[in-house]
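For reference, the structure is listed below as structure tokens.
The values are calculated or read from the model by the stated rules, or taken from the named source; none is laboratory data. Just so you know, these numbers come straight off a predicted model, no measurement behind them. Note that we place each Cβ from the backbone using ideal geometry, even for glycine, and neighbour counts take in every protein chain shown.
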């Protein structure tokens, strides 16, 4: 999927003379990100240009969550300018929990929204997906399946994206490293199928994180891309 859209909640400690008190963790969090290139499933959404991104999340103690996330884009413009959008807004809700200390799961539904100018509803790139994942320690397997045509591709309902992700935190150093492999299959349009893979590393600086990602796909003619990002969670 585009990235892990649910961020950790922040617990704020308060000091009162003679008494140590702690506020309850807020169920609402926010995030903002500046990136040199917005890659989604290995493919640039900004013609290799920069993007400003951000979102809000609500997480309930029960495991239920919901949120919204947005980014500028530049891929969704046809040659005659009949259809265009410069914004992607994702809305999602789901449920996650733990089976054991090492095994967790997450299921949900996500809608990719592209507000803009379209000559007819049937040409919109808006897409609905169901997703589910299972994690064991630092390894996650995730599967997403479209309930509509995939990003405006005709007759592509039922397209799927399967991915394997690994992430490991060196807590003492504030460094995280990640690996990813994904396979996009487009229903009734197998010529559009492709795989993507990347390596990433990020460093935390007191609530701000600087990340570097190197990405490649097996799309003919695609070149290796390097992406630098700066993010902050609140």
What is the residue count in the range 55-64 for residues that are surrounded by fewer than 16 Cβ atoms within 10 Å (Cβ to Cβ) and closer than 21 Å to residue 125 by Cα? 0
Test of understanding: among 187, 173, 191, which residue is surrounded by fewer than 15 Cβ atoms within 10 Å (Cβ to Cβ) and part of a loop (DSSP other than H, G, I, E, B)? 173
How do the strands (runs of 3 or more DSSP E) wholly within the range 34-128 filter down when requiring 1 or more residues that are over 28 Å from residue 185 (Cβ atoms) and modelled with pLDDT of 95 or more: which remain? 51-59, 64-72, 87-98
